[in-house]
Amino acid sequence: MSELTNKEIAGMLRELAGLLEINGENRYRVRAYYNASRKIMESSEDLKKLAKEGRLKEIPGIGEGIAATIREIFENGYCPPLEEIKGELPTGVLELIQIPGLGPKRAHQLFYELGIQDVADFKRALEQGRIRKLKGFGPKTEENLLKALQEYERYREAILLFQALNYSEEILNYLRKGKDVIRVARAGSLRRQKELIGDLDILVASKNNRGVMEYFTAWPGVQEVLLQGESKTSIITDEQVQVDLRVVSEEEFPAALQYFTGSKEHNLRLRERAKKFGLKLNEYGLFKGEKRLKLEREADIYQALELDYIIPELREDRGEIAAAARGNLPESVSLEDIRGDLHMHSRFSDGAHTIEEMVEAARARGYQYLAITDHSQSLRVAHGMTPETLEEEMKEIDRLQEKYDDITILKGIEVDIDYDGSLDYSDEILSRLDLVIASIHTGFNQDREQITTRIIKAMENPYVNIIAHPQGRILKKRRAYDLDLERIIKRAAETGTCLEINASPYRLDLDDLSVKRAREEGVKIAINTDSHHINEFADMALGVAVARRGWLEKDDIINTMEIDDLLKFLNWRG
DNA sequence: GCCGTTTTCGGCCCGACTGTTTTCAGTCG
């Protein structure tokens, strides 16, 4: 048996799905492969283990056929049906359907009628005017494809959640001033608060669609109008962000908001369920035959389908509809549940503010507590503190604690985990702190086994309370370290170590799926901003978004505790 | 290929927009 990861298996199935799709295979069969691929990506179960134990079909979306394919993959080290289809259809063709406006049917035509094998071939054929001669292609299509190709080559990147939130606020503000605009809302992945946002989806209620469309396309940030119809307009902004605007009537607004929020897979499941109830769900409403059911709010749709209300953050087809039907959705944590912030930096290391300024900012947010966790000595680039500086810092905290009786200032540290898993301060020093966060800032390129055992060794230190940014990723910049997160989670559960959701907009680490996994193992989570400036305290909302997407409840999170409970928790641990 | 609060077989979401169609296919979300 070969050593293939879930990700590699998922990749093979995805590739197989794409090639089958281009070859005109039954679309439900194609969907089954895509779906299985996605479910495997989202699963924390080791496929190889499942295969050995004959339990592959426990993953929803994997049945007899795909289970057999997966077993074949493990036996051969490659995917036989995939290799077979590759003999006929080169994989380069798959890239073609990444180009907007080019789907499986046209890719099929391009390959079988013009021998186009990849994007480079496609570009040449376009320039030579060979495309327009195909049946179903005309000069207009050619022109659009040329534009789409240029767009594709420029590669419009997804933007970070906080950028999308800020940018959309600008657009929303503009829209709110429109005279025909009655209501405005964010939708799509933006409303679901995904960590990366491809395009901004915005919904407007109005009695005058055309008026809103004209007003929208007159926004100064519009660089190009991609498409414009009665109810839908798409534009590209001068910052290369695509914005899709949908306009509906007030009456249609709840159903439109549900539809436009997605995810696509969630909507699919929901519409299937509606069908079972003898109803039809679309973006205009919920219908029984011709009759439109009265909807005041989006929640009424879920109610009509005998489901508890599902918050947007959970709408990813990760089991939320079944949970809502059984009445055991999580009671999702909210920002108001947060009682303090347990990871931040002051001027004692690389922060911008004095501890007192940070205390004031924490009080202004209504927190009961905060933990000052500056860097330890070996992290020179961040002015890591010597034991002597830490000593001074503790004295300063004592002094401030005298002054403030309405907030608790925890003496903390973000101690570096060394290459071999030992910590940057002695146990004697750590024992005198209220809170110890351990994290990795060096040696990112160690192999999987080294990094994993390194973190596990740190967790086994009885003074360590939290592992910060456990995966070490920087969104769009640095991949997570090669890490056996499953082992980390299991060991965290055993040692009672918390894992962090680092709420920095550039990190959001742990990610939502890992958080969900940690919760299933009973690991406690701390949502921390890792602030280096008091403005960053507001990032807490982003961390909470990740927690909500990760199915967390208030009780899964330590910084929702009242101060007395938190102190007990930390002492028990320490 | 998957799946089951009408089913182990017969279903599998639904509509907008575009361009090329002479009534609709392809793509997208």
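Taken over the stretch A:335-573, the ratio of Cα radius of gyration to 2.2 N^0.38 Å equals 0.92.
Counting only protein heavy atoms and using a 1.4 Å probe, the accessible area of A:D201 comes to about 20 Å². When the P(r) of the stretch A:106-152 is calculated, the portion above 13 Å amounts to 50% of the C-alpha pairs. For the stretch A:129-236, the fraction of 1.4 Å probe accessible surface lying on carbon and sulfur atoms is 48 percent. Pairwise alpha-carbon distances in the stretch A:253-326 exceed 17 Å for 34% of all pairs.
For the stretch A:160-226, a simple Cβ point-charge model (Lys and Arg +1, Asp and Glu -1, everything else neutral) yields a dipole of about 380 debye relative to the Cα centre.
Treating each Cα of chain A as an identical point scatterer and summing with the Debye formula, the log10 of I(q)/I(0) at q = 0.07, 0.08, 0.11 Å⁻¹ comes to -0.51, -0.67, -1.19.
For the stretch A:364-489, evaluate the Debye formula with one uniform point scatterer on each Cα (no solvent term) and list log10 I(q)/I(0) at q = 0.13, 0.16 Å⁻¹, rounded to two decimals. Rounded to two decimals, the profile gives -0.58, -0.82. Rounded to the nearest 20 debye, the dipole magnitude of the stretch A:348-437 is 300 debye, with +1 charges on Lys and Arg beta carbons, -1 on Asp and Glu beta carbons, and the Cα centre as origin. Which of the helices in chain A, when you take each full DSSP H run, stretch at least 20 Å along the axis at their Cα atoms and have an average Kyte-Doolittle score of -0.5 or higher? Flagged H segments are A:6-22, A:161-176.
Computed on the Cα atoms alone, the convex hull of the stretch A:214-368 gives a volume of 203 cubic angstrom per residue. Each of A:Y112, A:F122, A:P139 was placed along the dipole of the stretch A:106-152 (beta-carbon charges, centred on the mean Cα), and the one lying farthest toward the positive end is A:P139.
Taking the Cα centre of chain A as reference, the dipole from Cβ charges on Lys and Arg (+1) and Asp and Glu (-1) amounts to some 3040 debye.
Note on the stretch A:109-245: the C-alpha convex hull projects to 9.7 nm² when averaged across all orientations. Counting only DSSP beta bridges whose two residues both lie in chain A, roughly 45 percent are antiparallel. Starting from the Cα of A:K395, draw a straight line to each of the lysines and keep only those under 16 Å, dropping any in the same chain fewer than 8 residues away. Here the lysines satisfying the reach criterion relative to A:K395 are A:K403, A:K411. In this structure, the pairs whose alpha-carbon distance is over 29 Å, taken from A:K194/A:K477; A:K48/A:K516; A:K179/A:K275, are A:K179/A:K275.
The values are calculated or read from the model by the stated rules, or taken from the named source; none is laboratory data. Keep in mind that what you see is a predicted model, and the values were worked out from it rather than measured. Here Cβ is always computed from backbone atoms with ideal geometry, including for glycine, and neighbour counts include all displayed protein chains. Calculation scope for accessible area: heavy atoms of the full protein, side chains included, ligands and nucleic acids excluded. Shrake-Rupley method; radii C 1.70, N 1.55, O 1.52, S 1.80 Å.
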